[in-house]
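Encoded as structure tokens, the structure appears first; notes follow it.
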Amino acid sequence: MRVLHTSDWHVGRTFHGRDLLGDQEAVLGGLADLVIEEQVDVVVVAGDLYDRAVPSGEAVQTCVRVLGRIREAGAQLVVTSGNHDSAARVGAFAEFAAAGGLHLRTQIARLHEPVVIDDRHGPVAFYGIPYLEPDPARHALQACADVPGASAEIESRGHTAVLTEAMNRVRAELAERPQGTRSVVLAHAFVTGGDSSDSERTIAVGGVEQVPGSVFDGVDYVALGHLHGPQRLAEHLRYSGSPLAYSFSEAAHRKSVWLVDLDADGLACVERRELPVPRRLATVQGLLEDLLAEPEHAELEECYLSATLTDEVRPLEAMRRLQQRFPHAVHLEWKPATGRATAPLHYAEIVRGRDDHELAARFVADCRGSDPNDSERALLNEALRAVAAAEGAK
């Protein structure tokens, strides 16, 4: 059996205010072509199908079209919910969807119940563990403690405790299946040893969000979701990462999916397939006039761009001017070479002994990096007089 491991689609996400639905549909829809080319039997999505618990109608329709294309290409789908998803919404109509080859595994009470798909070697059991927020998940697991492998009470708190309990139930159920049944687990978690990026929402509870990889021992392959960079923690334990970059910290990522082959004995091999990049990410630093003029930056004109300006004085309308050359510039910082912009400000020292006129002028100087000129001071004085007059009229 050939399995395509994906996760963290985050359909509906924006990038610094830019709509990504078109890019997402292009990349994710292309998975259908990969299914055909590589003769994939099952596509798994290990959580964060959507970017928010209540996705927009456009995001839902995009997801429906993508899932439909993959199904039409011949693969069945197994999907779990992540920390960005609403498990109840993602899992709606699960029984009906399963009849069409879309298996939605979002219920904590049923995480030990696998989707069983046969190949010429026999059955493969796919166990979907939705994202388990520790306290609610602990109560939900204890409420259904009448299944094989369940503990009477989960005494410890945190991610490790609830995932350990979930995997105990999975292993107990798997042990009751015919000998030779192969197994794949989908889980949305932060496993120790994984590298994070800036676009992941923290799942820290009590300061501890990581779980040891040993929690997932005893199965043939673990398709992990949550971390956005593709990575291998062990031969059978991997993150596919997100299909698109969702922060500039991911600029160096090679977005990809894993092709997982299972033979009669279990995991046979895992291969990587890189995904297309609709628009590259880039960062640049320098004086605004240099960035606008230097020909060496021409290759950045079609990139999503994050620019750091080192001008001593904050340039006026910097983003508008930058976007005249770089239309996809989406992020801007000002860090003058002297470091003045990042110097710590102590409020009590700044205001001590200064009147409103001095404070207003100091505010302009701190924001821009240069003192207001005479005409600007006149405007500030006029505004302060208007405020004083309005307060006196009350």
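The single condition among (1) surrounded by 20 or more Cβ atoms within 10 Å (Cβ to Cβ); (2) under 30 Å from Gly30 (Cα atoms) that Leu309 does not meet is (2).
Selection of first residues in the stretch 292-314 that are of a type in the set (Lys, Arg) and of second residues that are modelled with pLDDT under 95, restricted to Cβ pairs under 9 Å at least 6 apart or on distinct chains, gives the following pairs, ordered by first then second residue: Arg314/Trp334; Arg314/Pro336; Arg314/Ala341; Arg314/Cys367; Arg314/Arg368; Arg314/Gly369; Arg314/Ser370.
Looking at the stretch 163-183, can you tell me whether even one residue there is under 19 Å from Trp258 (Cβ atoms), of a type in the set (Gly, Ala, Ser) and either in a strand (DSSP E or B) or at pLDDT below 95 (or both)? Within the stretch 163-183 (the criterion being under 19 Å from Trp258 (Cβ atoms), of a type in the set (Gly, Ala, Ser) and either in a strand (DSSP E or B) or at pLDDT below 95 (or both)), the answer is yes, since at least one residue qualifies. Taken as a whole, the structure places Val54 among residues that are farther than 18 Å from Pro243 by Cα, β-branched (Val, Ile, Thr) and out of contact with any Gly (no Cβ under 7 Å at 6 or more places or on another chain). Meeting the requirement of 2 or more residues that are at pLDDT 85 or above and of a type in the set (D, E, K, R), the helices (runs of 4 or more DSSP H) wholly within the stretch 276-394 are 288-293, 318-325.
The residues in the stretch 238-254 that are on the phi < 0 side of the Ramachandran plot and either buried (at least 22 other Cβ atoms within 10 Å of the Cβ) or touching a residue at least 60 places away in the same chain (Cβ under 8 Å) (or both) can be counted, and the count is 9. Looking at the stretch 175-183, is at least one residue without any contact (Cβ under 8 Å) to a residue 40 or more places away in the chain, among the hydrophobic types (A, V, I, L, M, F, W, C) and surrounded by 22 or more Cβ atoms within 10 Å (Cβ to Cβ)? For the stretch 175-183, residues without any contact (Cβ under 8 Å) to a residue 40 or more places away in the chain, among the hydrophobic types (A, V, I, L, M, F, W, C) and surrounded by 22 or more Cβ atoms within 10 Å (Cβ to Cβ): absent. Residues that are touching a His at 6+ places or on another chain (Cβ under 6 Å) and assigned by TED's automatic domain parsing to the domain that holds His84 do not occur anywhere in the stretch 268-287.
Does Leu244 qualify as being under 25 Å from His112 (Cα atoms) and either outside any loop (DSSP other than H, G, I, E, B) or assigned by TED's automatic domain parsing to the domain that holds Val45 (or both)? Judged against the criteria, Leu244 is not a match. In the stretch 81-98 there is at least one residue matching the filter, namely being at positive phi and without any contact (Cβ under 8 Å) to a residue 12 or more places away in the chain. Consider the stretch 3-50 and keep the residues that are touching a Ser or Thr at 6+ places or on another chain (Cβ under 6 Å) and polar (S, T, N, Q). The one that is surrounded by the most Cβ atoms within 10 Å (Cβ to Cβ) is Ser7.
If you go through the stretch 117-156 and keep only what is surrounded by fewer than 22 Cβ atoms within 10 Å (Cβ to Cβ), in contact (Cβ under 8 Å) with a residue 12 or more places away in the chain and in contact with a strand residue (DSSP E or B) (Cβ under 8 Å, 6 or more places away or on another chain), you end up with Ile117, Asp119, His121, Gly122, Pro123, Ala125, Glu133, Pro134, Asp135. For the stretch 266-281, taking the residues that are surrounded by 13 or more Cβ atoms within 10 Å (Cβ to Cβ) and of a type outside the set (D, E, K, R), the one that is nearest to Glu37 (Cα to Cα) is identified as Leu275. Tallying residues that are farther than 16 Å from Gly82 by Cα and without any contact (Cβ under 8 Å) to a residue 60 or more places away in the chain within the stretch 157-173 yields 11. The set of residues in the stretch 20-36 that are more than 21 Å from Phe126 (Cβ to Cβ) and touching a strand residue (DSSP E or B) at 6+ places or on another chain (Cβ under 9 Å) comprises Leu20, Leu21, Asp23, Gln24, Glu25. In the stretch 198-219, the residues that are surrounded by 13 or more Cβ atoms within 10 Å (Cβ to Cβ) reach residues that are modelled with pLDDT of 75 or more and of a type in the set (Lys, Arg) with C-beta atoms within less than 6 angstrom, at least six apart or across chains, in these pairs: Gly218/Arg171. Among the residues of the stretch 123-180, the ones that are within 23 Å of the chain's Cα centre (by Cα) and not hydrophobic (A, V, I, L, M, F, W, C) come to 11 in all.
Within the stretch 252-275, being assigned to a loop (DSSP other than H, G, I, E, B) and out of contact with any helix residue (DSSP H, G or I) (no Cβ under 6 Å at 6 or more places or on another chain) holds for Ala252, His253, Arg254, Lys255, Ala264, Asp265. Applying the selection to the stretch 228-237, what residues are part of a loop (DSSP other than H, G, I, E, B) and touching a residue at least 40 places away in the same chain (Cβ under 8 Å)? His228, Pro230 - these are the residues of the stretch 228-237 that are part of a loop (DSSP other than H, G, I, E, B) and touching a residue at least 40 places away in the same chain (Cβ under 8 Å).
The values are calculated or read from the model by the stated rules, or taken from the named source; none is laboratory data. Please read these numbers as outputs of a predicted model, since none were measured by experiment. Counting neighbours? That spans all protein chains shown, and the Cβs are built from the backbone with ideal geometry, glycine included.
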